[in-house]
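Peer 1: Right, I'll just put the structure down here and ask away after.
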Amino acid sequence: GENVEQHPSTLSVQEGDSAVIKCTYSDSASNYFPWYKQELGKGPQLIIDIRSNVGEKKDQRIAVTLNKTAKHFSLHITETQPEDSAVYFCAASISGGSQGNLIFGKGTKLSVKP
Amino acid sequence: GAGVSQTPSNKVTEKGKYVELRCDPISGHTALYWYRQSLGQGPEFLIYFQGTGAADDSGLPNDRFFAVRPEGSVSTLKIQRTERGDSAVYLCASSYDGGAGGYTFGSGTRLTVV
């Protein structure tokens, strides 16, 4: 089955710097790759997603890149702010995201220091 | 409703007892998912409903776990003969059918088995 590896497990940056989180997946049939942000005591919140027919997607300060050949995808946050501090999870799915299940990475705890 | 609602938010039970966890999805969402999240880990898939039927229950760890969605809206996750290893946050999510992309998660039920 699918396996998703996520690095780093913790990341500390200064406010205003960029943060990059990387994930690899094992199943070449996976075609949907969302990223979730989870704050303490809350459920994961979708922040951006990408499908296998696209190499890059951007939404304001957040961007995701996908390399299907290498089976890895990355989250890029620019101009980080203290409110970006949270745990971020990548995930992969074969079924396109709204059907079937997501396989999650173990998460990255991002700390943005003011 | 405005979001996915899960009740109770916290549940403490004794080993061997039976528990029920409730999920109220976003109105109109036909797909409903249950995940389990242990401390420091990403969410782990349990079961997925499309309408009233369980489309994929391959993530249920054993026959002590069971879930229903009798009218295609509210779902109940049932755990019999609870064990200390069942302690985790149980997350519910819902989505539109047809590959619209992205789940909306609830805040979860924190289950503690003592």
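Peer 1: State all residues of region B:79-105 that are under 11 Å from the mean Cα position of the chain (by Cα) and either hydrophobic (A, V, I, L, M, F, W, C) or more than 26 Å from A:Gly1 (Cα to Cα) (or both); if no residue qualifies, say none.
Peer 2: Answer for region B:79-105, where residues must be under 11 Å from the mean Cα position of the chain (by Cα) and either hydrophobic (A, V, I, L, M, F, W, C) or more than 26 Å from A:Gly1 (Cα to Cα) (or both): B:Ile79, B:Val89, B:Leu91, B:Cys92, B:Ala93, B:Phe105.
Peer 1: Looking at A:Leu46, A:Leu40, which one is within 10 Å of chain B (Cβ to nearest Cβ), open to solvent by 40 Å² or more (accessible area, probe 1.4 Å) and out of contact with any Ser or Thr (no Cβ under 6 Å at 6 or more places or on another chain)? Working first, answer last.
Peer 2: Details: A:Leu40 fails: within 10 Å of chain B (Cβ to nearest Cβ).
Result of the check over A:Leu46, A:Leu40: A:Leu46.
Peer 1: Residue pairs, Cβ under 6 Å, 6 or more apart or interchain, first in region B:61-87 and among the aliphatic types (A, V, I, L, M), second open to solvent by 40 Å² or more (accessible area, probe 1.4 Å). List them.
Peer 2: Listed pairs, sorted by first residue: B:Val74/B:Asp24.
Peer 1: Let me ask you something else. From A:Asn101, A:Asn67, A:Asn53, grab the single residue that is among the polar types (S, T, N, Q), free of Cβ contacts under 8 Å to residues at least 24 places away in the same chain, away from chain B (no Cβ under 14 Å) and open to solvent by 10 Å² or more (accessible area, probe 1.4 Å).
Peer 2: A:Asn67
Peer 1: Against the conditions (1) touching a strand residue (DSSP E or B) at 6+ places or on another chain (Cβ under 7 Å); (2) within 26 Å of B:Arg110 (Cα to Cα); (3) among the aliphatic types (A, V, I, L, M), where does A:Val13 fall short? Just the number, please.
Peer 2: Status for A:Val13: all satisfied but (2).
Peer 1: So A:Ala91 fits all but one of (1) part of a strand (DSSP E or B); (2) more than 10 Å from every other protein chain (Cβ to nearest Cβ); what number is the exception?
Peer 2: Result: A:Ala91 fails condition (2) only.
Peer 1: Give me a count of the residues in region B:35-75 that are more than 10 Å from chain A (Cβ to nearest Cβ), surrounded by 14 or more Cβ atoms within 10 Å (Cβ to Cβ) and part of a strand (DSSP E or B).
Peer 2: Residues meeting the conditions: 8.
The values are calculated or read from the model by the stated rules, or taken from the named source; none is laboratory data. This structure is a prediction, so every number in the text was calculated from the model and none was measured. Virtual Cβ from ideal backbone geometry, glycine too; neighbours counted across all protein chains shown. The accessibility values were calculated without ligands, DNA or RNA, using every heavy atom of the protein model including side chains. Shrake-Rupley method; radii C 1.70, N 1.55, O 1.52, S 1.80 Å.
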